[in-house]
1. Counting just the residues of segment 282-324 that are surrounded by fewer than 21 Cβ atoms within 10 Å (Cβ to Cβ) and among the polar types (S, T, N, Q), which one comes out nearest to Val114 (Cα to Cα)?
2. Just to check your reading of the model, which residue among Arg103, Arg22, Arg45 is under 30 Å from Val333 (Cβ atoms), of a type outside the set (Asp, Glu) and either free of Cβ contacts under 8 Å to residues at least 60 places away in the same chain or not assigned by TED's automatic domain parsing to the domain that holds Asp330 (or both)?
3. On the given criteria, is Lys181 exposed (fewer than 13 other Cβ atoms within 10 Å of the Cβ), over 19 Å from Tyr134 (Cα atoms) and more than 16 Å from the ligand (Cβ to nearest atom)?
4. Ala314 - would you say it is within 16 Å of the ligand (Cβ to nearest atom), out of contact with any Phe, Trp or Tyr (no Cβ under 6 Å at 6 or more places or on another chain) and assigned by TED's automatic domain parsing to the domain that holds Thr167?
5. Name the single residue, out of those in segment 222-249 being of a type in the set (S, T, N, Q) and farther than 30 Å from Arg149 by Cα, that is nearest to the chain's Cα centre (by Cα).
6. Give me the pairs: first residue in segment 167-187 and touching a residue at least 40 places away in the same chain (Cβ under 8 Å) and small (Gly, Ala, Ser), second residue within 11 Å of the ligand (Cβ to nearest atom) and in a helix (DSSP H, G or I), beta-carbon distance under 7 Å, and six or more apart or on different chains, which are they?
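The values are calculated or read from the model by the stated rules, or taken from the named source; none is laboratory data. In this text, all values refer to a predicted model and were calculated from it rather than measured experimentally. Neighbour counts run over all protein chains shown; Cβ positions are idealised from the backbone, glycine included.
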Amino acid sequence: MIEEIKKVEEEIRNYLHELRTREDLEKFRNTFLVKKGKIQQLFDRMRELPKEEKPKIGRLLNDLRNLAENLFNEHLDKISHTESTKPKLDLTLPGRIDYIGHRHPIYQTMDRMVEIFVSLGFKVAEGPDIEDEYHNFDALNFPPDHPARDMQDTFFIKSDKKLLLRTHTSPVQIRVMHATKPPIRYIMPGRVYRNEAISARSLAEFHQIEGLYINHNVTFAELKGTMIEFSRRMFGENLRFRFRPSFFPFTEPSAELDISCFLCGGEGCRVCKYTGWLEIAGCGMVHPNVLRAGGIDPEEYTGYAFGLGIERVAMLLTGIDDIRMFYQNDLRVLAQF
Ligand code: DAH
């Protein structure tokens with residue numbers, strides 16, 4: 001009997017290393033501590049013992065049961081403690097990379113364009129989105145019956161017929177002329193608004209960069225030089241250029257600038273609609289009436305101006321062929337640029 005008690009004690013002590021989880025403990029309890037467990041079985045056999053051995057064996061068995069119970073309770077405590085203090089955060093997992101937003105492709109394009117003009121000596125000016133008819137049209141030599149003034153093209157502010165959402169960045173030219181004196185060399189980026197049907201090619205809100213240079217003896221050759229230098233830095237060295245005669249009320253003469261398609265090299269592709277050319281800017285020599293409206297004497301000064309659409313350039317550079325994609329805030333699109 002003593003031998004058997006020793007054996008069970010040894011078994012209990014060996015079990016120690018295996019007590020890690022609640023399941024291990026439960027197994028331990030079922031083996032030793034329940035009614036049909038090994039310890040109780042030994043107690044049951046006390047009946048067969050001669051009287052004089054009973055007290056001794058009884059003591060040994062009580063010690064054995066205390067040992068098993070103490071070990072059980074000790075380990076239960078330990079396991080409960082590790083469970084409650086186990087960090088919720090698994091520090092061995094790889095870190096989660098925080099998504100940091102970045103500049104919108106339209107503004108990346110605008111930044112790049114501004115950067116190039118700044119490196120060519122231009123300063124940056126801005127004007128209000130809500131303009132008046134005077135700056136948006138009158139001062140820019142639009143005749144009173146010009147169709148752009150029509151409600152169909154322009155968003156007027158209902159409560160005040162003289163206020164409108166600017167349809168182009170050209171009114172900032174007038175504001176710059178009033179605020180500074182020649183020589184004037186400014187670019188004016190900003191958002192503009194037109195009452196256009198929304199499609200893959202046009203939105204009611206878009207962005208432009210306006211340019212203005214006024215000094216003594218400014219010539220069309222300087223306008224060409226600036227536009228060509230800008231385009232080479234923006235789109236690449238190997239471009240060909242075409243200045244097509246055009247018309248704007250605020251410039252005379254006026255031109256539209258085409259660059260050879262930098263995607264197909266002028267061969268003709270979907271983007272240039274198989275013409276080999278991309279239209280990128282309107283420009284011209286500032287009309288004498290506009291200089292006068294800006295408080296500048298056209299006999300003393302001349303100047304050139306230009307206007308570029310930013311979305312158009314961003315579409316060319318990103319390959320996005322539906323202008324609406326810029327504003328749908330789909331991160332699968334925006335995160336690519
Ligand atoms: N304001 C014109 C537009 O919105 C663009 C433009 C053309 C601006 C010629 C200019 C310019 O400064 O000289 O279509």
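1. Checked segment 282-324; the qualifying residue nearest to Val114 (Cα to Cα) is Thr318.
2. Of Arg103, Arg22, Arg45, the one residue that is under 30 Å from Val333 (Cβ atoms), of a type outside the set (Asp, Glu) and either free of Cβ contacts under 8 Å to residues at least 60 places away in the same chain or not assigned by TED's automatic domain parsing to the domain that holds Asp330 (or both) is Arg103.
3. yes
4. No.
5. Ser231
6. Going by the 7 Å Cβ cut-off, the qualifying pairs are Ser170/Leu140.
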